[in-house]
Amino acid sequence: MSSWDVIVIGVGAVGSFALRAASRRGARALGIELAEPAHARGSSHGHCRIFRHAYFEHPDYVPLLRHATRGFEELERERGVQLLHRCGVLLLGKSDSTILSRSLLAALTHGLDVDDLDARDIARRFPWFASPLAERGVFEQDAGLVRPELAITNAVASARSAGAEVRLCTRALTLRADPHGVDVVTENGTERARKVVVAVGAWAATLLPELLCHLTVTRQVQAWVAPKPGGSQDGMPCWLLDLGDTSRALYGIPADPLAGTHSPARFPKVAWHGSDDVVDPDVGAMPPREQDTDPLLAAYLRAAAPLAGRIDSTATCLYTMSKDGDFLVGRSRESEHIHFAAGLSGHGFKLAPALGQALCDLALLGTTELPIGFLSPDRFANCGNKDDHA
């Protein structure tokens, strides 16, 4: 049985950056991955994700977001790749939109440069958006899209170049912790580590049953929409439209200027932020159907009428939702040698470098300077608490 300083289980978004951070610190590090890096069964695929900093979810994310963006930039320099495209992010909604007010609060709290726009400003600067709900907008120029598959594969390559080993197509079955470390039992044998980082996304509760009552895995549908003939995409930002309390927000990502001629990302992507379609990650998400895509296209037509033509391609991915929509990052209640990130709730990829760094810090140093306290799993009761199932 091999012995490691740290084993990272799951080398997707967060795990790949945790493995990179550990190996670059000189730790003897092993990554274990259920499939291949950036596989299409989980949450870290789809050609493009949004990154932004004026965070309506909670102002406390902003320092982590800044750290994460610097992490992507550092990996770009190291590997000679382009992970980020700063096309800007535009949030849209009614004048009393909670999403907009919270975004402005985050910007004010942390000194972020954003534009507060009225309907006339939106029509002049962003003529694609025809929705009557777009009474007000918040635009952040220093934001845009990040390329997830490229980020993960390069983070893994960086980790390997620093000495990490990676076992692909290997399922971790169970963790056996004792006072001195953890045995990671896989389908191909057992590995021993002083510390373990669990970053397996939708499979988190499988390895850490303490999370079972805190997480729900849902199926998400995303579609790439070819524009109408003659419809210009030039200058289109990433965007999110707040449809109010009675509906989920709708978001879109413009065509990636680096996308190949056969890539779905040569067209804009659109999706709902959230779903009630609960799935078992081992069973997987059912492929998109007309009842998924018809209302999605109709909503896109109402939001960005000058652009939306026909659906070119579709895909599914998984959201692992926490009870409050915020992440769970910290130490396992079962062992001081196990740390994890879980419940990224559909907005975690943009924070992957920061979360990976924090987990590496916790595993190797026992603490981190990154401000993750508000994401502590201790904010929830134990799964065994009878009130937790009410």
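Just a few scattered comments:
- Checking each residue in region 327-343 for being out of contact with any strand residue (DSSP E or B) (no Cβ under 6 Å at 6 or more places or on another chain), buried (at least 19 other Cβ atoms within 10 Å of the Cβ) and not in a strand (DSSP E or B) picks out only Phe327.
- Listed by first and then second residue, the pairs with beta-carbon distance under 6 Å, at least 6 apart or on different chains, first residue in region 346-367 and on the phi > 0 side of the Ramachandran plot and in contact (Cβ under 8 Å) with a residue 60 or more places away in the chain, second part of a helix (DSSP H, G or I) and of a type in the set (Asp, Glu), form an empty list.
- Filter result for the condition that a residue is touching a Gly at 6+ places or on another chain (Cβ under 7 Å) and either outside the structural domain of Asp113 (by TED's automatic domain parsing) or surrounded by 22 or more Cβ atoms within 10 Å (Cβ to Cβ) (or both), over Gly46, Gly31, Gly26: Gly31
- The residue list Gly80, Gly88 contains one member that is on the phi > 0 side of the Ramachandran plot and touching a residue at least 12 places away in the same chain (Cβ under 8 Å), which is Gly88.
- Within region 111-123, if we keep just the residues that are outside any strand (DSSP E or B) and touching a Leu at 6+ places or on another chain (Cβ under 9 Å), the residue that is surrounded by the fewest Cβ atoms within 10 Å (Cβ to Cβ) turns out to be Ile122.
- The strands (runs of 3 or more DSSP E) found entirely in region 13-105 that carry 1 or more residues being under 18 Å from the mean Cα position of the chain (by Cα) are 49-51, 89-93.
- Of all residues making up region 250-295, the number that are under 19 Å from Met236 (Cβ atoms), hydroxyl-bearing (Ser, Thr, Tyr) and within 18 Å of the chain's Cα centre (by Cα): 1
- Qualifying residues in region 196-217 (those that are in a strand (DSSP E or B) and out of contact with any Leu (no Cβ under 7 Å at 6 or more places or on another chain)) - the one nearest to Gln291 (Cα to Cα): Thr216
- Index of the failed condition, Ser44 passing every other in (1) touching a Phe, Trp or Tyr at 6+ places or on another chain (Cβ under 9 Å); (2) at pLDDT 95 or above; (3) of a type in the set (S, T, N, Q): (2)
- Taken across region 320-329, residues that are of a type in the set (Gly, Ala, Ser) and free of Cβ contacts under 8 Å to residues at least 40 places away in the same chain do not occur at all.
- Selected residue (only one of Ala106, Ala38 is of a type in the set (A, V, I, L, M, F, W, C) and at positive phi): Ala38
- Looking across region 276-310 at every residue that is of a type in the set (Val, Ile, Thr) and either surrounded by 11 or more Cβ atoms within 10 Å (Cβ to Cβ) or outside any loop (DSSP other than H, G, I, E, B) (or both), the one that is modelled with the lowest pLDDT is identified as Thr293.
- Qualifying residue in region 155-174 (condition: in a helix (DSSP H, G or I), surrounded by 22 or more Cβ atoms within 10 Å (Cβ to Cβ) and of a type outside the set (A, V, I, L, M)): no
- If you filter region 1-23 down to residues that are hydroxyl-bearing (Ser, Thr, Tyr) and farther than 24 Å from Cys48 by Cα, you find that the one that is surrounded by the most Cβ atoms within 10 Å (Cβ to Cβ) is Ser23.
The values are calculated or read from the model by the stated rules, or taken from the named source; none is laboratory data. Since this is a predicted model, take the numbers as computed values, not measurements. Cβ sites come from the backbone with ideal geometry, for glycine too, and all protein chains shown count toward neighbours.
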